[in-house]
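Take a look at the structure below.
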Amino acid sequence: MHLSYRHTYDASADAVIALMANPDFLSDVATQSGATSHDVRIEGPTTHMEMALEAPADVAKFVGKTIHVTQSLTWGNPDAQGTRRGTVDIAVAGLPIKMAAVAVLSPTGPDTSVGTYEGDLNVRIPLVGKKVESLVAPSINDAFDGIQRRAQEWLKR
(Lines give C-alpha, C1' and ligand atoms only; values in the text may rest on other atoms or scores of the structure.)
Protein backbone atom coordinates (compact mmCIF):
# COMPACT_ATOMS: atom_id res chain seq x y z
CA MET A 1 0.00 0.00 0.00
CA HIS A 2 1.50 3.33 -1.04
CA LEU A 3 1.55 6.11 1.59
CA SER A 4 2.41 9.77 1.07
CA TYR A 5 2.81 12.64 3.54
CA ARG A 6 3.66 16.32 3.26
CA HIS A 7 4.72 18.33 6.30
CA THR A 8 5.24 22.07 6.42
CA TYR A 9 7.54 23.47 9.08
CA ASP A 10 7.84 27.03 10.36
CA ALA A 11 11.61 26.71 10.60
CA SER A 12 14.64 26.29 8.40
CA ALA A 13 15.54 22.84 7.13
CA ASP A 14 18.62 22.89 9.40
CA ALA A 15 16.43 23.59 12.45
CA VAL A 16 14.10 20.73 11.49
CA ILE A 17 17.05 18.34 11.07
CA ALA A 18 18.38 19.37 14.49
CA LEU A 19 14.96 18.82 16.04
CA MET A 20 14.59 15.36 14.46
CA ALA A 21 17.89 14.41 16.12
CA ASN A 22 16.90 15.74 19.56
CA PRO A 23 16.32 12.82 21.97
CA ASP A 24 13.97 14.93 24.12
CA PHE A 25 11.80 15.71 21.08
CA LEU A 26 11.72 12.06 20.03
CA SER A 27 10.78 11.00 23.56
CA ASP A 28 7.98 13.57 23.51
CA VAL A 29 6.72 12.19 20.18
CA ALA A 30 6.70 8.66 21.62
CA THR A 31 4.88 9.77 24.77
CA GLN A 32 2.31 11.76 22.80
CA SER A 33 1.69 8.78 20.52
CA GLY A 34 0.61 6.73 23.52
CA ALA A 35 3.71 4.56 23.82
CA THR A 36 3.70 2.57 27.05
CA SER A 37 7.49 2.43 26.82
CA HIS A 38 10.09 3.73 24.41
CA ASP A 39 13.82 3.99 23.71
CA VAL A 40 15.60 6.59 21.59
CA ARG A 41 19.10 6.30 20.09
CA ILE A 42 21.01 8.70 17.88
CA GLU A 43 23.78 7.17 15.77
CA GLY A 44 25.38 9.75 13.49
CA PRO A 45 22.78 10.89 10.94
CA THR A 46 20.29 8.19 12.02
CA THR A 47 17.70 8.37 14.77
CA HIS A 48 16.19 5.17 16.11
CA MET A 49 13.01 5.05 18.13
CA GLU A 50 11.53 1.89 19.58
CA MET A 51 8.05 2.02 21.10
CA ALA A 52 5.56 -0.35 22.68
CA LEU A 53 2.08 0.69 21.57
CA GLU A 54 -1.40 -0.62 22.17
CA ALA A 55 -2.51 -2.31 18.97
CA PRO A 56 -5.64 -0.85 17.35
CA ALA A 57 -8.65 -3.06 18.15
CA ASP A 58 -9.07 -4.27 14.57
CA VAL A 59 -5.37 -5.15 14.37
CA ALA A 60 -5.14 -6.73 17.85
CA LYS A 61 -7.05 -9.81 16.71
CA PHE A 62 -4.20 -10.49 14.27
CA VAL A 63 -1.17 -9.35 16.32
CA GLY A 64 -2.07 -9.22 20.02
CA LYS A 65 -2.72 -6.31 22.40
CA THR A 66 0.72 -4.68 22.17
CA ILE A 67 2.93 -4.02 19.19
CA HIS A 68 6.60 -3.11 19.31
CA VAL A 69 7.43 -0.61 16.60
CA THR A 70 10.88 0.48 15.50
CA GLN A 71 11.44 3.57 13.40
CA SER A 72 14.73 4.68 11.87
CA LEU A 73 15.16 8.03 10.15
CA THR A 74 18.38 8.84 8.29
CA TRP A 75 19.14 12.19 6.65
CA GLY A 76 21.87 12.85 4.12
CA ASN A 77 23.89 16.04 3.75
CA PRO A 78 22.25 19.07 2.14
CA ASP A 79 22.69 19.69 -1.57
CA ALA A 80 23.55 23.12 -3.03
CA GLN A 81 19.95 24.33 -2.49
CA GLY A 82 19.85 23.05 1.10
CA THR A 83 17.61 20.09 0.31
CA ARG A 84 18.23 16.90 2.25
CA ARG A 85 17.23 13.42 1.23
CA GLY A 86 16.76 10.54 3.58
CA THR A 87 14.99 7.33 4.43
CA VAL A 88 12.36 6.29 6.95
CA ASP A 89 12.04 2.65 7.90
CA ILE A 90 9.30 1.34 10.19
CA ALA A 91 8.93 -2.27 11.33
CA VAL A 92 6.79 -4.17 13.81
CA ALA A 93 8.86 -6.63 15.84
CA GLY A 94 7.99 -10.27 15.27
CA LEU A 95 5.59 -9.50 12.44
CA PRO A 96 6.06 -9.18 8.68
CA ILE A 97 4.95 -5.52 8.72
CA LYS A 98 7.34 -2.96 7.25
CA MET A 99 7.26 0.49 5.74
CA ALA A 100 10.10 1.98 3.73
CA ALA A 101 9.88 5.59 2.62
CA VAL A 102 12.00 8.22 0.93
CA ALA A 103 12.15 11.53 2.78
CA VAL A 104 12.94 14.92 1.22
CA LEU A 105 13.29 18.07 3.31
CA SER A 106 13.48 21.29 1.30
CA PRO A 107 13.82 24.90 2.38
CA THR A 108 10.97 27.09 1.12
CA GLY A 109 12.24 30.31 2.68
CA PRO A 110 14.69 31.46 5.34
CA ASP A 111 12.46 30.19 8.15
CA THR A 112 10.20 27.65 6.42
CA SER A 113 10.63 24.21 4.95
CA VAL A 114 8.64 21.29 3.56
CA GLY A 115 9.16 17.59 4.18
CA THR A 116 7.73 14.92 1.94
CA TYR A 117 7.63 11.24 2.78
CA GLU A 118 6.72 8.67 0.12
CA GLY A 119 6.79 4.96 0.69
CA ASP A 120 5.16 1.59 0.74
CA LEU A 121 3.59 -0.30 3.62
CA ASN A 122 3.94 -4.06 3.21
CA VAL A 123 2.28 -6.72 5.33
CA ARG A 124 3.37 -10.19 4.29
CA ILE A 125 0.72 -12.37 5.89
CA PRO A 126 -0.89 -14.87 3.50
CA LEU A 127 -4.57 -14.26 2.76
CA VAL A 128 -5.00 -11.32 5.18
CA GLY A 129 -1.96 -9.13 4.38
CA LYS A 130 -3.90 -6.54 2.37
CA LYS A 131 -6.60 -6.36 5.03
CA VAL A 132 -4.00 -5.85 7.77
CA GLU A 133 -2.34 -3.13 5.65
CA SER A 134 -5.65 -1.26 5.49
CA LEU A 135 -6.00 -1.61 9.27
CA VAL A 136 -2.40 -0.53 10.04
CA ALA A 137 -2.30 2.44 7.62
CA PRO A 138 -4.45 4.75 9.81
CA SER A 139 -2.03 4.25 12.72
CA ILE A 140 0.90 5.21 10.50
CA ASN A 141 -1.07 8.22 9.25
CA ASP A 142 -1.70 9.26 12.86
CA ALA A 143 1.99 8.82 13.68
CA PHE A 144 3.12 11.03 10.79
CA ASP A 145 0.49 13.65 11.68
CA GLY A 146 1.63 13.53 15.31
CA ILE A 147 5.25 14.10 14.35
CA GLN A 148 4.30 17.21 12.39
CA ARG A 149 2.12 18.57 15.22
CA ARG A 150 4.81 17.99 17.84
CA ALA A 151 7.49 19.47 15.56
CA GLN A 152 5.48 22.65 14.99
CA GLU A 153 4.99 23.03 18.73
CA TRP A 154 8.66 22.44 19.52
CA LEU A 155 9.83 24.77 16.73
CA LYS A 156 7.78 27.62 18.25
CA ARG A 157 9.81 27.38 21.48
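The values are calculated or read from the model by the stated rules, or taken from the named source; none is laboratory data. Source: prediction; values computed, not measured. Backbone-built Cβ (ideal geometry, glycine too); neighbour counts: all protein chains shown. Quick note on the areas: whole protein, heavy atoms, side chains included, nothing else; ligands and nucleic acids left out. Shrake-Rupley method; radii C 1.70, N 1.55, O 1.52, S 1.80 Å.
Scanning the range 1-32 for residues that are assigned to a helix (DSSP H, G or I) and of a type in the set (A, V, I, L, M) yields Ala13, Ala15, Val16, Ile17, Ala18, Leu19, Met20, Leu26, Val29, Ala30. Output yes when any residue across the range 141-150 is buried (at least 19 other Cβ atoms within 10 Å of the Cβ) and in a strand (DSSP E or B), and no when none is. There is no residue in the range 141-150 that is buried (at least 19 other Cβ atoms within 10 Å of the Cβ) and in a strand (DSSP E or B).
Does Ser27 satisfy being over 23 Å from Asp120 (Cα atoms), polar (S, T, N, Q) and open to solvent by less than 40 Å² (accessible area, probe 1.4 Å)? Break it down into steps so the answer makes sense when it comes.
Working: over 23 Å from Asp120 (Cα atoms): yes; polar (S, T, N, Q): yes; open to solvent by less than 40 Å² (accessible area, probe 1.4 Å): yes.
Yes: the conditions hold for Ser27.
Residues that are over 19 Å from Met20 (Cα atoms) and in contact (Cβ under 8 Å) with a residue 24 or more places away in the chain within the range 70-98 comprise Gln81, Val92, Ala93, Gly94, Leu95, Pro96, Ile97, Lys98, listed in sequence order. Restricting attention to the range 36-49, does a residue exist that is more than 26 Å from Thr116 (Cβ to Cβ), open to solvent by 30 Å² or more (accessible area, probe 1.4 Å), touching a residue at least 24 places away in the same chain (Cβ under 8 Å) and of a type in the set (S, T, N, Q)? Among the residues of the range 36-49, at least one is more than 26 Å from Thr116 (Cβ to Cβ), open to solvent by 30 Å² or more (accessible area, probe 1.4 Å), touching a residue at least 24 places away in the same chain (Cβ under 8 Å) and of a type in the set (S, T, N, Q), which makes the answer yes.
For the range 110-126, a residue qualifies if it is closer than 19 Å to Leu3 by Cβ, at pLDDT 90 or above and buried (at least 16 other Cβ atoms within 10 Å of the Cβ), and the qualifying residues are Val114, Gly115, Tyr117, Gly119.
Among the residues of the range 64-109, those identified as assigned to a loop (DSSP other than H, G, I, E, B), open to solvent by 50 Å² or more (accessible area, probe 1.4 Å), touching an Asp or Glu at 6+ places or on another chain (Cβ under 9 Å) and not basic (Lys, Arg) are Pro78, Ala93.
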